[in-house]
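Read-outs throughout are calculated quantities, based only on the coordinates presented, and are distinct from any laboratory measurement. Bear in mind that the values here come from a model prediction, so they are computed numbers and not experimental data. Note that each Cβ is placed from the backbone with ideal geometry, even for glycine, and that neighbours are counted across all protein chains shown.
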Amino acid sequence: MIKIAPSILAADFAKLGEEVLEVEKAGADWIHVDVMDGHFVPNISFGAVVLNAIKPLTKLPMDVHLMIENPDLYIEEFAKAGADYITVHVEACPHLHRTIQLIRSFGVKPGVVLNPHTPVETIQHILEDIDLVLFMTVNPGFGGQKFIHSVVPKVKQLADIIKEKGLSIDIEIDGGINEETIVPCAQAGATVFVAGSAIYSKNDRTQALQAIKKAGEE
Ligand code: DX5
Ligand code: ZN
């Protein structure tokens with residue numbers, strides 16, 4: 001089963017509530033919330049106040065992707081604003097185990113994000129503690145970038161490890177996902193797909209979302 005998580009980073013912020021409801025109606029499974037601090041990544045997006053505003057509008061799980069330094073300082077705030085999943089970058093967490101425990105202590109499902117060049121080995125000793133691994137298939141910071149194909153073998157590598165260990169971990173892909181790029185990722189074992197521009201740049205969000213989902217399920 002393929003899940004699609006539209007990224008609100010690509011939505012029209014002047015009517016964000018409507019934009020969330022529209023992708024819910026289109027068949028979205030999760031809402032992907034991209035938080036950027038201008039330090040870990042060269043762009044600033046928004047903070048917990050935006051999550052707090054959209055949370056009451058939908059029952060869909062809120063998938064919060066923290067592209068920030070010192071995430072420990074903000075985890076409680078995002079948990080209280082309604083995060084169902086919080087993912088942190090392995091590159092930003094020198095005490096990753098502590099950060100994961102902190103996320104779980106607020107009843108939120110923890111996940112770890114790997115930049116395109118970061119090896120799967122960096123998370124091999126934390127797999128038992130997490131619910132989600134997010135592979136970046138662009139360099140984080142901006143929507144609308146080109147998919148980096150060299151990440152796909154990492155997806156397969158992790159999927160094999162998860163299977164071998166009998167773990168229950170979702171593999172999510174973020175960056176440049178569309179009807180074509182979803183295919184090799186789904187074949188490699190990924191189950192959740194973020195899509196920003198491929199959904200929000202289209203007038204017919206239902207058609208766009210369902211076409212991506214269908215391509216991933218074939
Ligand atoms: C990039 C973000 C992505 C991005 C995806 O830093 O983490 O979630 O918004 O956008 P598209 O699908 O347009 O690549
Ligand atoms: Zn993201």
Potential lengthening between Asn70 and Glu179 on full extension [0.36 nm per residue; Cα-Cα distance subtracted]: 35.8 nm
Paramagnetic reach from His97 (point 7 Å along Cα→Cβ, amide N under 18 Å) across region 115-138: 121-131
Farthest positive-ward along region 1-126 dipole, Cα basis, beta-carbon charges - from Asn70, Ile86, Phe46: Ile86
Those residues of region 1-34 whose amide nitrogen sits under 11 Å from the label point placed on Thr206, 7 Å along Cα→Cβ: 25-27
Antiparallel bridges, percent of DSSP beta bridges restricted to region 3-217 (to nearest 5): 5 percent
Theoretical gain in end-to-end length, Glu218 to Leu57 [0.36 nm per residue, Cα-Cα removed]: 54.8 nm
Dipole magnitude of the chain about its Cα centre (Cβ charges: Lys, Arg +1; Asp, Glu -1), debye to nearest 20: 220 debye
Region 133-218: chymotrypsin sites (Phe, Trp or Tyr not before Pro) in DSSP loop, at most 14 other beta carbons within 10 Å: none
Relative contact order %, region 3-217, counting alpha carbon pairs below 8 Å whose residues are six or more apart: 20 percent
Per-residue HN-Hα couplings for region 48-55 [Karplus 6.51, -1.76, 1.60; θ = phi - 60°; Hz; x = Gly/Pro]: 5, 4, 6, 4, 4, 6, 8, 3
HN-Hα J in Hz across region 114-128 - Karplus 6.51, -1.76, 1.60, θ = phi - 60°, x for Gly and Pro: 10, 5, x, 8, 7, x, 4, 4, 5, 10, 4, 9, 10, 4, 5
Set of lysines with alpha-carbon distance to Lys59 below 28 Å, sequence-local pairs under 8 removed: Lys3, Lys15, Lys25, Lys80, Lys109, Lys202, Lys213, Lys214
